[in-house]
Structures are given as C-alpha cells and as structure tokens.
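Comments concern the structure below.
No value in this document is a laboratory result; all are computed from the given coordinates. This one's a predicted model, so the numbers in the text were calculated from it and none came from an experiment. Cβ placement follows ideal geometry from the backbone for every residue including glycine, while neighbour counts extend to all protein chains displayed.
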Amino acid sequence: MFKKNIILHIGLNKTGSTFIQQNIIQKKNSNHYIQIGYKNILTGKILEYLEIPTKEKMDNILKIVSEIKEDNILISHEGLAGHHYNGFVDVNKNFKLLEKLFDKPKYIICFREPSSIIYSGYFQRLQKYHSLLFEDYINKDLNDLFKSKSKNFFQTNYKIFNYNIIFKDYLNIQSRVLFIEFENFFKNKEMNIFNNFVGTDFQFDWSQKINKSLKDLIYLEFYNKFILFKYIKIIWLQINKFFYGYKKARDVSIKLIILIRLLIKITPKRYLEKIDSKHQILLENIKNYHLKDYNDFKNKLSPDFSISSH
C-alpha cells in the first residue's frame, strides 16, 4: 500500500468535536483527504471493523485508503477510541485494532475536566429524556454499564472518567498523539500546535457556537411534578410542531426551553435554586473524586504533543 499519513481524531464526546469537524470540513486542504462523522464510507467501514474485526474488512479499508490520491488522510469520529455508554471497555481493544489496521497512525484526543464532560453529556441526554435526573444519570451500576451493548443509552457512571486508564495506551506513544484539553484549547485558541501536528493551516471560526447546552432543561425536574404543566407542555409542543416541525430531539428541547423560561419568570426562586444547589454539590463531588488522577494525567503529557494547562 502506498504510504499514507493517517491522522485519527478519535474523541472524546462533548469536547468540541463537532466544532472541530465543521471547521476542518469547511476548509479543505488540497493535500488532505478529510472524513468526519460516521456517515461516510471510510469511517463507517472502520467502525464496522472495530465492532467485529475480520481480515476481509481490514483489506477492504486498506483498498479504499490506497485509492485516495491525497497523501494525508484525516478522519474524525468521536467513537473511535471508545465510549462512556459502556464504560470505555473497548478502549484498549480499539487501540490495538487501529494500530494493526494502519502503519503507525497519528491520533488527536480531546479531553475535558471530568465533572465538566459528564455534565455536558447529561445535557445531551436530557434533550431526549426530559425526565432524567442528574443523580440518576451519573450512578448507573458499573457491572451493568460494562456489559451495555446499546448506544441508545441514558446513563453512565462518574467513576469511569479516569484518563490515566482510558488513555493508558496512547500515553505510551505520545510522539504520535496530540492531546487537546478542551478548556485550554478554546480559551487560548491554540491553532499553531494543532496545525503543526496535522500539517495544515486551518483557521477556526471561534465565534461559532455549536451544540450549546440547553441548561434550563434542568428545571423540568421541578415543573414535571405538576400535571397542569404536562398538559401545557403537550399543547405547547404540538403548536410549535404545526408551525415549525421537528427534525431531531434538540429541536423539541429548544422549543421547550422557551416555555421553561416563561415559567421561570413566575416561579419563586427558592424552588429553582434548590435544583441548582443540588447539581453544584454533585459536580463538586465528582470534581474532587477525579482531581488527583486528573492532575496526574495532565502531568504525564508531553508539552511538545499537547494543548493543555499543566
């Protein structure tokens, strides 16, 4: 096979992946073949290979790669490393399979302070499961989580976000890995290290706001207690569906947010502040649980191959 420079942006979820994907796909480079998401042929084939690896699947992928005229191939999909829907149990297996598939590929890994990435993931689930409580989302039984086969999940466990374990294999090959800390990347807009690693001259549009969390959805915990609200919600959503239509769960939640914000204006603050306080306590507990391991992980990162605040 003609030697290609394979760069795999492999996750994690809720670390600005969609923002990165939309920016790189809009600014194609003549010497870079770019694939994002799972709906394209190459990425889809790789995901199938990671699910059930066979020589036939591997040969098919390598054939597709060999027919690409560009020297550099950049593939971006948040699930290539593994996923928290099953506690990241596939991370080591996926790493070995990707190493076997390609000849020393390069990896881009985005990570985020554990309590922050967990809370962002909760809001994503809340857009679909409007009655989901934060304390239920973060406390799924670990044995059940590790055996989970369905990606249509609505729970995880906060204890699994130890990056020393998740990224153990990648820490051993840091000369081929760019670790990007979500908070530092977006705060300082650090494009030079990214471009040097990828071999491009991308300039991202930092003003874009993509998949912004719909934080007022947490107050459904209070409003869902009232039968009257449930009737109002049904009528409200049906009216909006008639005029605007819904293409996905987020569209429904955006309209629901408008109703919630109207109700907030007439709701005594003490009821909503109680929910805010409960969430902040849970987030602080998660942060403290991971603090030592998170700092240890960041201290392991090479300054030459990371965008991180050590």
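Key figures
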| read-out | value |
| --- | --- |
| For Ser148, distant residues with modelled amide H under 5 Å away | none |
| Shape category assigned to the chain from the gyration tensor of Cα positions, a/c cut at 1.5 | prolate |
| For region 215-286, diffusion coefficient by Stokes-Einstein and Kirkwood Rh (Cα), 25 °C, 0.890 mPa s, µm²/s | 183 |
| Bridge type composition, the chain - antiparallel percent by DSSP, nearest 5 | 5 |
| Whole-number D in µm²/s for region 1-148 (Stokes-Einstein; Kirkwood sum over Cα pairs; 10 °C, 1.306 mPa s) | 95 |
| Nearest-ten-degree value, helix 91-101 long axis tilted from longest Cα axis of the chain | 30 |
| Non-local Lys pairs in region 215-286, i.e. 8 or more apart or on different chains, that have alpha carbons under 20 Å apart | 28 |
| Cα centroid separation - region 236-251 against region 150-180, whole Å | 36 |
| Residue order, fewest to most surrounding Cβ atoms within 10 angstrom, among Phe202, Phe243, Phe297 | Phe243, Phe202, Phe297 |
| Cut-off under 5 Å, modelled amide H: who pairs with Lys106 long-range | Ile6, Ile7, Leu8 |
| Qualifying trypsin sites (Lys or Arg not before Pro) for region 43-106 [loop in DSSP, other Cβ within 10 Å: at most 16] | Lys69 |
| Ranked Val91, Val252, criterion: other C-beta atoms within 10 Å, fewest first | Val252, Val91 |
| Helix-only mean residue ellipticity at 222 nm for the chain, each DSSP H run of n ≥ 4 adding -39500 (n - 2.57), per residue, nearest 500 | -15000 deg cm²/dmol |
| 0 to 90° range, to nearest 10: angle between helix 249-264 axis and the chain longest Cα axis | 40 |
| Rounded to 10°, Cα long-axis angle of helix 41-51 versus longest principal axis of the chain | 80 |
| Per-residue Cβ neighbour rank within 10 angstrom, fewest leading, Ile10, Ile160, Ile227 | Ile227, Ile160, Ile10 |
| For region 220-226, 3J(HN,Hα) per residue [Karplus equation, 6.51 cos²θ - 1.76 cosθ + 1.60, θ = phi - 60°, Hz, x = Gly/Pro] | 4, 4, 7, 5, 5, 6, 10 |
